[in-house]
1. With charges set only on the Cβ (+1 for Lys and Arg, -1 for Asp and Glu), what does the dipole of the stretch 137-200 come to about its Cα centre, in debye to the nearest 20?
2. In terms of modelled amide H atoms, which long-range or inter-chain residues lie less than 5 Å from the amide H of Ala80?
3. Under a 5 Å amide H to amide H cut-off, with H placed in plane at 1.01 Å, what residues pair with Thr200 once short-range neighbours are removed?
4. Full-extension gain between Phe15 and Ile166, please, as 0.36 nm times their residue separation minus the C-alpha to C-alpha distance.
5. State the extension gain, in nm to one decimal, for the chain segment bounded by Leu148 and Leu87, taking 0.36 nm per residue of separation less the distance between their alpha-carbons.
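Coordinate-derived values only; no laboratory data. None of these values were measured; they are calculated from a predicted model. Positions of Cβ are backbone-derived with ideal geometry, glycine not excepted, and every protein chain shown enters the neighbour counts.
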Amino acid sequence: MKNILYVLLGVMAGFALAGLLFFVSRAPAGEAIVLQPAPTKSPIVVHVIGAVPRPGLYEFIEGARVQDAIDAAGGLLTSANVDSINLAALLEDGQQLNIPYKSGSEPVETFSEEPNGEDSLELPNDNQDEPVEENTDTDLVNINTASLEELDSLPGIGPTIAQRIIDYREENGPFNTIEDIMDVSGIGPSTFEEIQDLITV
């Protein structure tokens, strides 16, 4: 009788263990952990203008600051007003960063209307007060290369003296200065005074 009881207890224990193993095997498995890559910062584009050597569009990574934009544009001009700039401010995509000038040092720009109705930008000319010298060398008679007719056109020089000038330079070589023309027979100080502003060598 005891043997039968032990057998029944063993069978029941076996069923209990089998049931436990069954439930354990049916438990949901844990999900695998997937590591996501760190997010990359998007580039931003900033338009730098004002008191910098190289104004223009520049690209930065997100988190860049005003100082980075100034460095990219070549630094600050000596006329820049740094007191009104927050160099630590963050840049934003599409921002126009205007570096101000010191009072009175802004570049002067003037506009003039073209014949087609469009306005053109004119920058100030630092040499406006300087007189423009006209080149009149093309109007002067070169006594070393002039023809008989060209020499004859000079006041006080007729065809005879013009031929003497040609003969002189063929025999003695070209004139070194315009004053040397007085070595030609028939040309004295009075004649030279009349033609000195009309000739060249």
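1. The calculation lands at about 160 debye.
2. For Ala80, the qualifying residues are Lys102.
3. The answer is Val141, Asn142, Ile143.
4. Length gained between Phe15 and Ile166: 40.2 nm.
5. Contour length minus Cα-Cα distance gives 14.3 nm.
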